[in-house]
Amino acid sequence: MIKILAYGILLFWLLAVVLGRLFQLDPNQIDLNAILNTPSAVYWLGNDDMGRSILARLLHGAEVSLLVAVSVTAVTMTVGVLIGLLAGFYGGRVDQVLMQVTDVFLAFPGILLAIAFAAVLGPGLLNLMIALSLTGWVSYARLTRGQTLSLRNRQHVLAALSLGASVPRLIGKHILPLLTSVLVVEAAYSLASVMMAEASLSFLGLGIQAPNASWGAMLRDGVRYMLVAPHYVLIVGLSLMSLILAINLGGDSLRDHLDVRQEAD
Amino acid sequence: MCLIQRLLIGLLMCSMLIFSACKPTTSSFAPINKASSRPEIVFAISQAPLNLDPRYASDAASERLNRLLYQSLVDFDIHTKPQPSLATWQQLSPLSYRFTLNEKRRPFYYPPGAGRKAKARKLTAYDVKATYDSITAFTDSPHSAEFSNLKNIVVFDERTVLFHLILPDRHFPAKLVLGILPAELVKIKHDFAHNPIGSGPLVLHDSHNKLRLQRLDDGQRISLIEVKDPTVRMLKLVHAEVDMIQGDLPPESLSYLQSKPTLTVKTSVGVNFSYLGLNMQDPQLKKLKVRQALAHAIDRQAIIDKVMLRHSRLGGAILPPEHYAQRQTLDAYAYDPPLARRLLQEAGVRLPLKLVYKTSTDAQRLRLATIMQAQMRVAGIDLEIRSLDWATFFAEIKQGNFQLYGLTWVGVKTPEIYGQAFASDSLPPKGFNRGRYQDAELDKLLSTADWRAVTQRIHQQLPYIPLWYEGQFAAMQKGIQNYSPKADGNWDDLATISAYAH
């Protein structure tokens, strides 16, 4: 039941983003006569502090959130997996150096490091993605390195090595495919944490800049009018919560699905 | 551990306790004799005062509080004309002024524990000389430059002091608005920033966590607490954790506060002038037609009506129309996007004209910038908004690193501001000509001090785009009386405010 609900919410948001594009809703259309209006037949979710449609901005914000989450996850996974594979496969000095760098990044709280990078790089969508990518790769590197350390001594890897397989072939054909299920589950959780980080940075004014919509910035504006127009902050807050919850539940279900031990039970 | 060792340790601990109890702190100020049973009034403010030494204070909160802790020689009337406060004055010659202190001036209040045995004494001409001499001697005071024309100060007697100038200055008395400090404490470099000692109606009683003030006349206690977040400030007022708030709230919040039966909301017109600053060295913005296009591209009346406090009004010049040096109504630039577009084309600009607008991260400033961005788009201007934290933003403005920016002049009283803001030789750091405006004709008018002509010239040449004077408001519990917001946002009514217990 929960699994269906999670996939349902995810599907809803994906459809909403696509349909928002099709309907060509303008998230930046200002209407000074509709400031902080409650939901109506014209504006289904009401209006924000400049009379803009909350629905249009919510859909645009979802698009931005998904774009950032997918892009950052793709970049961090690629970099992290590459570093983890090299460290785990070669071991020795290479492992030591790469893992010490990883440990340095792990020692800082991720979001604080992202805030520091975003503050140095300046606000904006691209800089936000760079800041999140600079901090997000470490968990992939640690995970991949640990898995590679155990996989590299497996019989099939040793057999391929004795038959003269090259290092790229060993990694690409004999180790990486066995890591896929673990990495997919990690990526699912990472999507949720990146979306949360994007919203946090935008909330602090370090993310998407005005007039472009983002859920974090909308939440920040909504909090200002919490007592006057509670619908604004509630709609944005509930949307963010539902999407993050759905991604996490989706990740759980994916993990259960890919877990071979559970299947054996 | 033997008995002697235990005794020694016990003795050491006791002596440490005694010494720590004797250590003087700001909170050791004893209450005033007239301490009454009146309920304390708690005033929540968005930014705590940074410096209570009037010679250094430059932030709005410090200046507002210092007006209550100290007395100044001169103050301003409702038309912002200088009027006697502590002293009356007479111009003896173009280069000298005589100030005579009032007989009924207040004495200095020395709190017990402030390190002085002398009894309260009246403020004298020696204190005036010591205060202004110390300002002119400072190199790091933001007010020193204002007194660079001061040659010397001569004390004639206890009540009379003479100011001699280097060059004639008709508006010199208007500069003598800084609080007067006791001469003997100036001499020993007393820390007025944290332990202010003045002759104003209020005295600082305690500065631990919050500023606790006490009124000398009746012992009324007033606390200032800093609550940065506007929503939290509003909630504290609604839940009666604080008694009053003033300004720095989104205008929509006012109707919410007005709907609460336990609260009173008072509003008034404002005199703080908001404007769009322009970089006059920019190849596009140096064209007059481009500046006129910008002025016609903003629907200021719609912004005032919909997203600003009640009593906000259109702005024409830095000084408001009721100012004695102004007294004229300037023709407002009407919102006319087709005209703006035409002016841009006549200026040879390829549309859309791309401009970068810098502002602070303040939510209301960003909101106003976003609305102006949408309005300008219709007129063919593509405005990019860059919001920066206050320190970075202000540093970039001072360095001239901008095309457009939004700021507000706060607490401007004298027409000399036009010279400081627009004279060709007033570039930062000497003056405030941040847009690097160069106009020989305006310089000529400034030298004649013909303020009407100066204002007209500025309004015609548009080295900035005038926006509005934002209204003021204060919200308070029903039990609070004798307080109303002032046009420049000062807190002068704290000298008369009262509260009755529910």
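Remarks
- Any hit, the stretch B:326-336, residues being modelled with pLDDT of 90 or more, over 30 Å from B:Thr80 (Cα atoms) and of a type outside the set (Lys, Arg): yes
- Residue match in the stretch B:280-303 (condition: within 13 Å of chain A (Cβ to nearest Cβ), farther than 26 Å from B:Pro352 by Cα and open to solvent by 20 Å² or more (accessible area, probe 1.4 Å)): no
- Only listed residue being among the hydroxyl-bearing types (Ser, Thr, Tyr), closer than 25 Å to B:Leu165 by Cβ and open to solvent by 20 Å² or more (accessible area, probe 1.4 Å), chosen from B:Ser148, B:Ser96: B:Ser148
- Pick from the stretch A:155-174, criterion closer than 17 Å to A:Leu86 by Cα and assigned to a loop (DSSP other than H, G, I, E, B), ranking: nearest to the chain's Cα centre (by Cα): A:Ser166
- B:Glu416 satisfies every condition listed in (1) at pLDDT below 95; (2) within 14 Å of chain A (Cβ to nearest Cβ); (3) buried (at least 18 other Cβ atoms within 10 Å of the Cβ) except (2).
- Candidates B:Tyr256, B:Tyr275 - the one that is in contact with a Pro (Cβ under 6 Å, 6 or more places away or on another chain) and of a type in the set (Phe, Trp, Tyr): B:Tyr275
- Listed by position, the helices (runs of 4 or more DSSP H) contained in the stretch A:53-140 that have at least 3 residues being over 13 Å from A:Leu206 (Cβ atoms) and touching a Lys or Arg at 6+ places or on another chain (Cβ under 9 Å) are A:54-90, A:92-107.
- Matching option when the condition is open to solvent by 40 Å² or more (accessible area, probe 1.4 Å), farther than 25 Å from B:Val271 by Cβ and at pLDDT 90 or above, among B:Gln403, B:Gln373: B:Gln403
- Just one of the listed residues (B:Asp439, B:Asp488) is crowded, with 18+ Cβ neighbours inside 10 Å and of a type in the set (Asp, Glu), and it is B:Asp488.
- Note on the stretch A:135-154: residues that are open to solvent by 30 Å² or more (accessible area, probe 1.4 Å) and farther than 24 Å from A:Val194 by Cβ amount to 5.
- Among the residues of the stretch A:194-216, those that are free of Cβ contacts under 8 Å to residues at least 40 places away in the same chain and more than 7 Å from every other protein chain (Cβ to nearest Cβ) comprise A:Phe203, A:Gly216.
- Hey, B:Ala174 in the same structural domain as B:Lys122 (by TED's automatic domain parsing), under 19 Å from the mean Cα position of the chain (by Cα) and either surrounded by fewer than 21 Cβ atoms within 10 Å (Cβ to Cβ) or modelled with pLDDT under 90 (or both) or not: yes
- The single condition among (1) at pLDDT 95 or above; (2) open to solvent by 50 Å² or more (accessible area, probe 1.4 Å) that B:His311 does not satisfy is (1).
- From the list A:Ile35, A:Ile54, A:Ile83, the one residue that fits, being more than 14 Å from chain B (Cβ to nearest Cβ), touching a strand residue (DSSP E or B) at 6+ places or on another chain (Cβ under 9 Å) and open to solvent by less than 50 Å² (accessible area, probe 1.4 Å), is A:Ile54.
- Flag for A:Leu45 being modelled with pLDDT under 90, part of a loop (DSSP other than H, G, I, E, B) and of a type outside the set (D, E, K, R): no
- Filtered by the rule that a residue be in contact with a Ser or Thr (Cβ under 9 Å, 6 or more places away or on another chain), closer than 17 Å to A:Met226 by Cβ and in contact (Cβ under 8 Å) with a residue 40 or more places away in the chain, the stretch B:237-248 gives B:Ile245, B:Asp248.
- Tally of residues being within 30 Å of B:Glu384 (Cβ to Cβ) and either in contact with a helix residue (DSSP H, G or I) (Cβ under 7 Å, 6 or more places away or on another chain) or surrounded by 18 or more Cβ atoms within 10 Å (Cβ to Cβ) (or both) across the stretch A:94-124: 8
The values are calculated or read from the model by the stated rules, or taken from the named source; none is laboratory data. Remember, predicted model here, so these are calculated numbers, not experimental data. Cβ atoms come from the backbone with ideal geometry, glycine included; neighbour counts cover every protein chain shown. These area figures cover heavy atoms from the full protein model, side chains too; ligands, DNA and RNA do not enter into them. Shrake-Rupley method; radii C 1.70, N 1.55, O 1.52, S 1.80 Å.
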